[in-house]
Amino acid sequence: MTQPATAAPKDAPTPAAKSAEEKGSSRLTGLRWDVRTLSLLGVLAVLVAVGGITAPDEFLATSNLQLVLTQASVIGVVTVGMTFVITSGGIDLSVGAMVALASVWATTVATQDFGFAGILFTAVVVGVGCGLVNGLLIAYGRMVPFIATLAMLASARGLALQITDGSTQVVTVQSVLDLGGRDSYVLGIPPLVLIFAAVTVIGWLLLNRTTFGRRTVAVGGNAEAARLAGIDVRRQRLYLYLLSGLCCGIAAFMLIVLAGSGQNTNGNLYELDAIAAAIIGGTLLSGGRGTIVGSVLGVLIFTTITNIFALNNLETAVQQIAKGAIIVAAVLVQRRSAHGDT
């Protein structure tokens, strides 16, 4: 016996209406991203103008601009990894400590005996190893990311101090030192900046053009819904902390090239700078939305502010206060924007 067909409610949207609504929502989201990006570019332009006015001879010099980009490159690579973690709804407070541990482990006398490849390999492996521990504790040990990465922060800092015994480990491998010299610049661009650019492009493609990126956003938006949709949430989180560790390993090698040494104090407050840059760029601290381009612009903004303060002989304390104020303002703007979207 056939069941009588029921008429669709008059208020129910048709498939065509749903499609039009989704397209409109997509265009609106794209417009919001454009506004955010243009706003960040505007802030960066204002900062460049301020630097040019307050210290015209020093700030606009080619050597200083190269320095700003080089300094932004190290923390920028860390921020790319942090952006993925925050987008998934997590946090990584151990990035600075991982950079420190990787840098000192890669500059021991035993490691330097293996030359350029040995230093690079060790830095990356140590970073990935720390990320693996974080990922296992969070994904399969069900620890809160804040607690797990805080424990890694303390452990990695302690181990870095034990390895160096508080001393500076000078790099003697000439090929590593040459990479930071002006003779290695490509068309006036430092090699570290090129590495940062490559990591940024790969990160953007990974987040915006791959299944991995879509799963990251899904896990950050609603982990339970992502699990019901067939996503292995625990494995995805493990991969994300591995990615963060990989970025820290690369950044540690870049820092070795830049400083010519390894110290247990390397990467100090990198977690603050990376989180701040990601939030300033538009990545939601609660997860579910992330932008690599915005994070990179956030890094450039913070690095430019630091450079302007240094050129004008302002104290480090003032720089930290300014960064803290910017973070608070960015979070308030995000909350207001999220409230307006609902």
Rounded to the nearest 20 debye, dipole of segment 38-335 from Cβ charges on Lys, Arg, Asp, Glu: 1140
Loop sites in segment 148-226: chymotrypsin sites (Phe, Trp or Tyr not before Pro), DSSP, at most 16 other Cβ within 10 Å: Tyr185
Compute the distance from the alpha-carbon center of segment 188-212 to that of segment 102-118, in whole Å. 25
Magnitude of the charge dipole, segment 230-319, Cβ model with Lys/Arg +1 and Asp/Glu -1, debye to 20: 360
List the residues whose amide H sits under 5 Å from the amide H of Ser261, counting only those 5 or more places along or on another chain, with H placed 1.01 Å from N in the peptide plane. Val171
Quick one: among Ala274, Ala251, Ala317, which has the greatest mean-square fluctuation in a GNM of the chain with alpha-carbon springs under 10 angstrom? Ala317
Which of the DSSP-defined H helices in the chain satisfy a minimum axial length of 20 Å, computed from C-alpha atoms, and a minimum mean Kyte-Doolittle hydropathy of 0.0? 15-54, 62-87, 115-135, 145-164, 191-208, 233-259, 292-311, 316-341
Of every Cα-Cα pair in segment 38-335, the percent that sits beyond 30 Å: 30
In vacuo Debye sum over C-alpha of segment 234-315, base-10 log of normalised intensity I(q)/I(0) at q = 0.13, 0.16, 0.24, 0.26 Å⁻¹, listed in q order, is -0.54, -0.80, -1.30, -1.32
So if each residue of separation counts as 0.36 nm, and I subtract the Cα-Cα distance between Glu224 and Thr316, what length gain in nm does that give? 28.8 nm
Run the 1.4 Å probe and let me know the accessible area of Val186, rounded to the nearest 10 Å². 70
Could you pull out which residues in segment 238-277 have an amide N less than 18 Å from a spot 7 Å beyond the Cα of Thr211, following the Cα-Cβ vector? 238-240
Among Asn208, Val46, Gly298, which residue has its Cα positioned farthest towards the positive end of the charge dipole of the chain, with +1 placed on the Cβ of Lys and Arg, -1 on the Cβ of Asp and Glu, and the dipole taken about the Cα centre? Asn208
In nm, spacing of pseudo-spin labels at Arg235 and Ala151 (7 Å Cα→C-beta vector): 2.5
Once you compute Rg and the Kirkwood Rh from C-alpha atoms, what is the Rg to Rh ratio for segment 157-253? 1.14
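The values are calculated or read from the model by the stated rules, or taken from the named source; none is laboratory data. None of the values given here were measured: they were computed from a predicted structure. Note that we place each Cβ from the backbone using ideal geometry, even for glycine, and neighbour counts take in every protein chain shown. The area values use the complete protein model at the heavy-atom level, side chains included, leaving out ligands, DNA and RNA. Shrake-Rupley method; radii C 1.70, N 1.55, O 1.52, S 1.80 Å.
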